[in-house]
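Enquirer: Pasting a structure below so you can have a look.
The values are calculated or read from the model by the stated rules, or taken from the named source; none is laboratory data. Just so it is clear, the structure is predicted and the values come from calculations on it, not from any experiment. No Cβ is skipped: glycine too gets one built from the backbone with ideal geometry, and neighbour counts run over all protein chains shown.
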Amino acid sequence: MSAPPNPGLAFSVLKISLPTGFDVLRTYSGAFVCLEILFGGLVWILVAASNVPVPLMQGWVMFVSVTMFIFSTVYLVFFLCGFANRINTDWNFLDFTYHFIALLFYFGASLLEAATTAAAGVIVPGISNSTSSSTFISGACTLVLPEGNVVTFLDYRQYSINVAASILSFTVTACYACSMLLGFRRWRG
């Protein structure tokens, strides 16, 4: 009879370059994940506070921000609680893959949020525009509507909230890009 196979060779070697426990927070990757959670939560809050004036585009922004907020939190908890040491997988590859997918989703969401903000009608107090054929005069305000374009009517509060959400959305995208590059270095290095 032949010898039984060695069970230790049946599984791949655990590949993890990040520390577990609270030591993960002392690394650049841990700091970026914390920033992703913080700024991603703010994007979520700001888009929800704007009363979602364009549900088709901002619905995707909400989906991405909520989903990535939850996934990033779970990812960080895995390292904080030490589960990464107990689960036998290539964590460096998973780190790179997760942040690559999150980067793609958040970049698309950032573009949609910026497009929603850019399509807002501009309210200019006390100025009348006689050259534009599409103007609506309401009291002391003139709403200038560009011809042939889609215009989202936002008040100043909604517009300001959407500007802040656009800026933070691109900030989160940059955080995911940095995390992806760090993950790629760990995976290939």
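Enquirer: Within region 16-75, which residues are more than 22 Å from PHE100 (Cβ to Cβ), of a type outside the set (A, V, I, L, M, F, W, C) and buried (at least 20 other Cβ atoms within 10 Å of the Cβ)?
Expert: Passing the criteria: SER50, GLN58.
Enquirer: Determine which member of the set VAL52, VAL61 is of a type in the set (Val, Ile, Thr) and at pLDDT 85 or above.
Expert: VAL61
Enquirer: Answer yes or no: is there a residue in region 39-54 that is under 19 Å from LEU181 (Cβ atoms) and touching a residue at least 12 places away in the same chain (Cβ under 8 Å).
Expert: yes
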